[in-house]
Amino acid sequence: MAKTNYSFEKRQRELAKKKQQDAKQAKKKASRDDNAKPGDTRPSPPEGYV
């Protein structure tokens, strides 16, 4: 019987989690950009700033 490759499974979970987080950030960024007023001159926070 073959051994289970736990490191592969862990990597797949990490990739899925990262993909989900990226999608969530992209959605938030899109909604922020849509809500920005044309006269709003404040700079947006840098990428990765929490």
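General observations
- Partner lysines whose Cα lies under 26 Å from the Cα of LYS3, excluding those fewer than 8 positions away in the same chain, are identified as LYS17.
- Against the chain, whose longest principal axis is taken from its Cα atoms, helix 6-35 shows a tilt of about 10°.
- Accessible surface, the chain, averaged per residue in Å² (probe 1.4 Å): 110
- FRET efficiency, 1/(1 + (r/R0)^6) with R0 25 Å, evaluated for PHE8 and LYS29 via beta carbons: 0.20
- What the Cβ-Cβ distance of LEU15 and SER44 gives, at R0 = 22 Å and to the nearest 0.05, is a FRET efficiency of 0.20.
- A Stokes-Einstein calculation at 4 °C with viscosity 1.567 mPa s, built on the Kirkwood radius of the chain over Cα pairs, returns a diffusion coefficient of 92 µm²/s.
- Between the residues TYR49, ALA30, ALA2, the greatest Cα displacement towards the positive end of the dipole of the chain, with unit charges on the Cβ of Lys, Arg, Asp and Glu, is found for ALA2.
The values are calculated or read from the model by the stated rules, or taken from the named source; none is laboratory data. Computed from a predicted model, the values in this text were never measured in an experiment. So basically every Cβ, Gly included, is an ideal-geometry build from the backbone, and we count neighbours across all protein chains shown. Keep in mind that these areas ignore ligands, DNA and RNA; they rest on the heavy atoms of the full protein, side chains included. Shrake-Rupley method; radii C 1.70, N 1.55, O 1.52, S 1.80 Å.
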